[in-house]
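The values are calculated or read from the model by the stated rules, or taken from the named source; none is laboratory data. Worth saying up front: this structure is predicted, and the values here are computed from it rather than measured. Every residue, glycine as well, gets a Cβ built from its backbone with ideal geometry; the counts of neighbours run over all protein chains shown.
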Amino acid sequence: MRSRSSAPSCVSTSSWIALALVLPSLAACAENRPTFFVREVKVPEGDDCLLEPGNPYISSGVLDVAFRFSYVAPLSLVNQTFDRSEMMPLYLDNGGINVEGAEVELHQDAPEGALIDVGGGQTAFTTYAVGYVPSTEPGDISEAVVPFDILPLSLGVQLAENLATAEVPFIRILAGVRVFGRGLHGYEVETPQFFFPIDVCFGCLVAFPADANDPENPAGICDSTDAPDGSACFLGQDRPLDCRYCVNSHPTICGP
């Protein structure tokens, strides 16, 4: 887990003195901290798997550990801080936030559910990602999408081993995520905790479309030699997986 400053300051000492001299009625530093939160989880789009604020969102995720061991959540991050630098020339902070990472806890089923050991007896971990959320204008919001690995590979490997032989190859995990970053002057910001459910399964995302079958072999399943068009974004996560992507690597799950 990362360490935190016990009392981060919003501006440097010299900047604060200058502001105090020019604007004695300036509100307290705490009132100027950014309003920063996770809005939702976005879905990548197109063959390039673009992640943009206008993309659709999902209210829960699916991780098929037969094909993928970690879950990537493209988080939509909102910054409602105004850019005061033009109105207040001595206020040197433009309100933007440099995203650094997230602290994650994994619960069984619900927020009050038992915490899951992610390795070494740890029930929380820090995942790092880089992004920038600019400031906004009054009456508007600023939004950026930053992907975070919120279910670690080590846990995914363990779940794959367990679910591969389980009578019911399914478990629900609730990820509690707090994204953190810094403003221009180095002061720390952190979102409220955002909860996102992930259904973990083994082989549940495989799809067998009709055109994956060889018309010369009516009894065959996923025996077509024609590869599907396009690419799969985060293969093994959230979306049905065309069996033709995995028939060679996982014939017992995806093959005839």
*Please work out if Gly183 is modelled with pLDDT under 95 and of a type in the set (Gly, Ala, Ser).*
yes
*If you take the residues of the stretch 135-156 that are modelled with pLDDT under 90 and not in a strand (DSSP E or B), which of them is surrounded by the most Cβ atoms within 10 Å (Cβ to Cβ)?*
Ser135
